[in-house]
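Below is one structure; the comments refer to it alone.
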Amino acid sequence: MRKLIFFVTLLLPTIVFAQDNIEEATNAAKQNALLIEQFSLLSPMSINPYTSIFVTSLLSKMGYHNDFVATNPFFDNWFILGTFGILFLFTSIMRPSLGTNQITGILVKVDEYLESKAAIVTNILVMVFPIVLNENAGADEIVFQASFLSVSLKTLMIVVVSTYALIVLLTIRFFVDTLIYLSPIPLVDTGLQIFKIVLSIALVIIGIISPTFSFVILVVMLAVSLFFYKKAKRQLNKMKYFLILPVINLFTKKSIRDKGMNDLSIQVFLGKPTSKFSKSKIVRLEKQNDEFYLVKERFILPKVTEKITLEDFTLTQNRFDTALSNFDQSMELFLNRSYHSFIDEISEELNVLLVKEEEVDTVSGNNIFKKVKSLFNKKDITQLKTMA
């Protein structure tokens, strides 16, 4: 049902342009063609965002473009071309070389994770940029005013639908990348990096030559992706929590009070489902007035909170992670390596017994490659694959 609702939502921008007389119908057809060209950008962006924006902007400067790109000031911009050109060259050189080894390959996954976040922001900018400069909503359009920016209902709907579609596609792409990364043949991951660049360029060219065919490709990609989205999301949460966040936290000042709270507030990974949360969710374990809660914040929607008790719980620390579980294993929470240096303080805050099964290496050195190598080893990759 949710998939059906999504596809109906995807078609809504076209439906609202339906008109009665011939002149208005002609204008609606032009609007719908422009809409298809807008969405045709999503398929290459979901494969390789930096490449797709750089190649689209470069071809636009050379005079090869569809109507949407030709009229969008985002692409007719030397700063955008230069910035994404640098990102394209950097990732094209660094990713294949780092992907030859599973340990340094973690840096590739971190880069792709951050790139996915950048792709979503970039997509919103592509859709909204013309409005900031020169688009005025018609008198008959519903307009949403936010500070200096007025956004029509049509544009807002396009931004929401395209962003959701891109999130789904990026999740599935990252999921496939992760499966290949976890394979015992690292060179496969290097080949994938090169293949994604070529495929992204091909999809950009298809979008220029035939936006309608590109849109059909997008719909097929979405239809397939939606079937695997939930499973992929669970697996990626595991990858994100245990491999990506510890590397990102190397560059931040980590604390067990991450949100500026006086009491404990740490991110945990759910190994078992709870009454309000499914398995493999990343939530926060918070201490409030000597009581403990699992908290999940949501965009726009109110956060979800579940009270838990930690009676008969034990903290079991090894090299890769720390498990917080009760005697019968009915509840199991995991802490990643970022919290190893705080584990004694966490044990005291939770008032649970701490058992250290393995000696934990400290992350040393200023070189990022040395830090990652001291943070993980091949046994950790194997353990991640075997985790339920």
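A few points about this structure:
- HN-Hα J in Hz across the stretch 315-332 - Karplus 6.51, -1.76, 1.60, θ = phi - 60°, x for Gly and Pro: 9, 10, 9, 10, 4, 7, 7, 9, 9, 10, 9, 8, 4, 8, 6, 6, 10, 9
- Under the convention that each Lys and Arg Cβ holds +1 and each Asp and Glu Cβ holds -1, the size of the dipole of the stretch 265-387 around its Cα centre is about 940 debye.
- Extended-chain gain in nm, criterion 0.36 nm per residue less alpha-carbon gap, VAL160 and ASP263: 33.4 nm
- Annotation: ASP263 carries an accessible surface of approximately 60 Å², with a 1.4 Å probe and no ligand, DNA or RNA atoms counted.
- Cα-based shape type of the stretch 47-94, given that a ≥ b ≥ c are square roots of the gyration tensor eigenvalues and the cut on a/c is 1.5: prolate
- Using θ = phi - 60° in the Karplus curve 6.51 cos²θ - 1.76 cosθ + 1.60, the 3J(HN,Hα) couplings for the stretch 223-236 round to 4, 6, 5, 5, 5, 10, 4, 5, 5, 4, 4, 5, 5, 6 Hz; x is entered for Gly and Pro.
- Taking the 1.4 Å solvent-accessible surface of the stretch 265-387 as the whole, the part contributed by carbon and sulfur is 48%.
- ³J(HN,Hα) computed for each position of the stretch 164-180 - Karplus, 6.51 cos²θ - 1.76 cosθ + 1.60, integer Hz, glycine/proline x: 4, 4, 5, 4, 4, 5, 5, 4, 5, 4, 5, 5, 4, 4, 5, 4, 5
- Amide H within-cut-off set for GLN288, under 5 Å, with H built and near neighbours excluded: TYR293
- Solvent-accessible surface (1.4 angstrom probe) belonging to LEU98, in square angstrom, nearest 10: 30 Å²
- Per residue value of the accessible surface for the stretch 265-387 (all protein chains in place, 1.4 Å probe), Å²: 55 Å²
- Between VAL188 and ALA202, the distance separating the two model label sites (each 7 Å from Cα on the Cα→Cβ line) works out to 2.0 nm.
- For the stretch 265-387, the residue among LEU375, PHE334, THR314 whose Cα projects farthest onto the positive side of the dipole built from Cβ charges is LEU375.
- Solvent-accessible surface ranking, highest first, for VAL168, VAL220 at 1.4 angstrom: VAL220, VAL168
- The listed residues ARG234, ARG284, once ranked by accessible area (1.4 Å probe) with the largest placed first, stand as ARG234, ARG284.
The values are calculated or read from the model by the stated rules, or taken from the named source; none is laboratory data. It should be emphasised that the depicted structure is a prediction, and the values quoted were computed from it without experimental measurement. A quick note on method: Cβ atoms are made from the backbone with ideal geometry, for glycine too, and the neighbour counts reach across all protein chains shown. Note: accessible area is taken over every heavy atom of the protein model, side chains too, but ligands, DNA and RNA are not part of it. Shrake-Rupley method; radii C 1.70, N 1.55, O 1.52, S 1.80 Å.
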